[in-house]
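Notes follow the structure.
Every read-out reported here was derived from the displayed coordinates using simple, explicitly stated rules and does not represent laboratory data. Please read these numbers as outputs of a predicted model, since none were measured by experiment. Glycine gets a Cβ as well: all are built from the backbone with ideal geometry, and neighbour counts include every protein chain shown.
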Amino acid sequence: KAKKTAGKEMEFFSKNIDREISRILHLKETIRKLIEKNHVIVHYQPIVNLLDRKIYAAESLFRISTDDGKIILPKDIIPVAEETGLITDLGEKIIQTATGSGKELNIPVSVNISAVQLNRPNFDSYILDILHSTGFPPENLILEITESSLIENISENIEKLKILKENGVKVAIDDFGTGYSSLSYLKNIPLDFLKIDISFIRGIGRDEKDEMIIRTIISMAKHLRVLTIAEGIENETQLRFLIKSGANLGQGFYFYRPLEIAELKRLISGS
Ligand code: C2E
Ligand code: MG
Ligand code: MG
Ligand code: MG
């Protein structure tokens with residue numbers, strides 16, 4: 001009897017797997033076409049100085065518009081894009097756009113880099129070539145990298161980041177505190193910013209452990225002489241706590257949502 005049940009379960013799973021595979025292939029094809037048709041849009045979320053709320057930089061965040069004008073968000077396609085290798089084309093479009101159009105902003109622009117992109121052997125020269133061809137100043141480029149993508153090939157990746165850093169490019173660890181951090185690599189990577197993950201910011205005023213983690217990250221960042229950026233600030237309570245704890249910069253709906261480039265330009269020029 002047990003055997004019979006197991007057989008049925010197998011059949012059930014393999015049907016589901018087939019369906020999942022065809023869903024992924026369909027999604028991949030849809031996205032590939034949309035990338036080809038230039039439906040990749042880059043929005044920019046201002047990163048402000050917490051004390052005076054002046055715009056310090058902007059994070060580029062991609063969206064894809066469908067043929068009928070709907071917007072696809074990163075969370076709905078990044079897993080598929082990474083599994084199918086599409087992330088390479090997509091990442092290329094994003095960094096071309098962010099450095100091409102972002103140049104006119106005249107402020108630092110951060111770009112999220114996926115594990116697949118970072119772990120390519122020629123990642124450093126790839127970035128330098130793009131900077132060269134777009135004329136974007138390297139000092140204004142911040143690469144946002146997660147802990148987990150960094151540790152895949154830790155020593156090679158540190159070398160690539162060192163070369164980029166020698167050329168002026170800046171590095172931020174994204175979603176800090178959520179990956180498998182090893183404190184020993186933190187002292188070896190050329191680092192400019194630590195981005196405190198939104199999950200800790202959500203706990204402010206609600207969970208003393210989250211507050212303790214935030215204070216610890218900030219204190220460590222100060223010793224490492226890197227700036228902290230708090231993600232996902234949504235209210236005054238969170239802002240007050242972060243200022244009191246010594247965080248430097250922040251972004252979130254409390255200040256600005258991700259904006260179209262024209263809107264951000266207007267904001268910066270004050271018109
Ligand atoms: P992330 O890099 O941690 O980006 C921050 C995310 O938090 C963005 O979501 C942003 O819209 C959202 N956010 C900002 N302020 C608030 C807030 O106050 N409250 C809440 N609830 N959310 C806030 P988004 O644009 O949906 O992007 C999600 C993730 O997708 C990003 O997380 C990043 O990991 C990835 N992603 C976005 N753009 C790119 C890209 O160009 N390349 C790659 N490889 N990944 C990207
Ligand atoms: Mg980011
Ligand atoms: Mg983040
Ligand atoms: Mg995040």
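Some notes on this structure:
- Two-site FRET efficiency, Thr88 against Ser182, from Cβ-Cβ distance with R₀ of 35 Å, rounded to 0.05: 0.80
- Alpha carbon Rg of region 128-271, scaled by the compact-globule rule 2.2 N^0.38 Å: 1.13
- Given 15 as the ceiling on other Cβ atoms within 10 Å, longest exposed-site-free region of the chain for GluC sites (Glu not before Pro) in DSSP loops: 1-151
- In region 190-244, trypsin sites (Lys or Arg not before Pro) in a DSSP loop with at most 14 other beta-carbon atoms within 10 Å: Arg206, Arg225
- Distance in nm between pseudo-label sites at Lys8 and Ser155 (7 Å out along the Cβ direction from Cα): 5.5
- In the chain, helices alone account for a calculated mean residue ellipticity at 222 nm of -16000 deg cm²/dmol, with every DSSP H run of four or more residues adding -39,500 (n - 2.57).
- Proximal lysines to Lys37, defined as alpha-carbon separation beneath 28 angstrom and excluding residues fewer than eight positions away on the same chain: Lys28, Lys70, Lys75, Lys93, Lys103, Lys265
- Spatial separation of Cα centroids for region 68-122 and region 184-260, in angstrom: 24
- Whole-number D in µm² s⁻¹ for the chain, Kirkwood Cα-pair radius fed into Stokes-Einstein, 37 °C, 0.692 mPa s: 163
- Relative compactness, region 3-77, computed as alpha-carbon Rg over 2.2 N^0.38 Å: 1.83
- Listed values for region 211-224 are Karplus-derived 3J(HN,Hα) couplings in whole Hz (6.51 cos²θ - 1.76 cosθ + 1.60, θ = phi - 60°), namely 5, 5, 4, 4, 4, 5, 4, 5, 5, 5, 4, 4, 5, 7, and x replaces Gly and Pro.
- Both radii were evaluated on the Cα set of region 6-126; the Rg over Rh quotient, with Rh as the Kirkwood radius, amounts to 1.11.
- Of all lysines in the structure, those lying under 22 Å Cα to Cα from Lys162, and not within fewer than 8 positions of it along the same chain, are Lys170, Lys187, Lys195, Lys222.
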